[in-house]
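Visitor: Take a look at this one; I'll ask things after.
Each reported figure results from applying straightforward, stated rules to the coordinates on display, with no laboratory input. Quick caveat: nothing in here was measured; it's all calculated off a predicted structure. Here the Cβ is made from the backbone with ideal geometry for all residues, glycine too, and neighbour counts use every protein chain on show.
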Amino acid sequence: MVHDIAREVREYAEELASPVEALLSADQVGALFSVHRSTVFRMVREDATFPRPLKLSRNTPRWRATELNAWIASRAAARGR
């Protein structure tokens, strides 16, 4: 019983220590690429490879930073860099 509680506490502590993934707004994504936020939404519509946003609520799209970084890396790799 005590061993189970200790294990649960360790697992909970590990969950809390895990990094939370950054979520970026359209303005932040636009700033990342030096484009206007409307261009970000155009990229979503017109580029099938561009990461799709998460919908936190009806008017709150957010992009995962890791997906954006992977997209940037794939574009760079496609150009031979």
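Visitor: Dipole of the stretch 39-80, Cα-centred, from +1 at each Lys and Arg C-beta and -1 at each Asp and Glu C-beta, to the nearest 20 debye?
Guide: Taking the Cα centre of the stretch 39-80 as origin, the dipole is about 160 debye.
Visitor: Can I ask one more? What net charge is computed for the residues neighbouring Val35, neighbours being all others with C-beta under 11 Å from the C-beta of Val35, Lys and Arg scored +1, Asp and Glu -1? Please report the intermediate quantities before stating the final value.
Guide: Working: positive: Arg37, Arg42; negative: Asp27.
Computed value for this residue: +1.
Visitor: Sorted from fewest to most neighbouring beta carbons within 10 Å, what does the list Val35, Val9 look like?
Guide: Val9, Val35
Visitor: Normalised by the number of residues in the stretch 23-78, what is the relative contact order in percent for Cα pairs under 8 Å and 6+ residues apart? Don't jump to the answer; show the numbers that get you there.
Guide: Values: 50 pairs, mean separation 19.5, N = 56.
RCO, the stretch 23-78: 35 percent.
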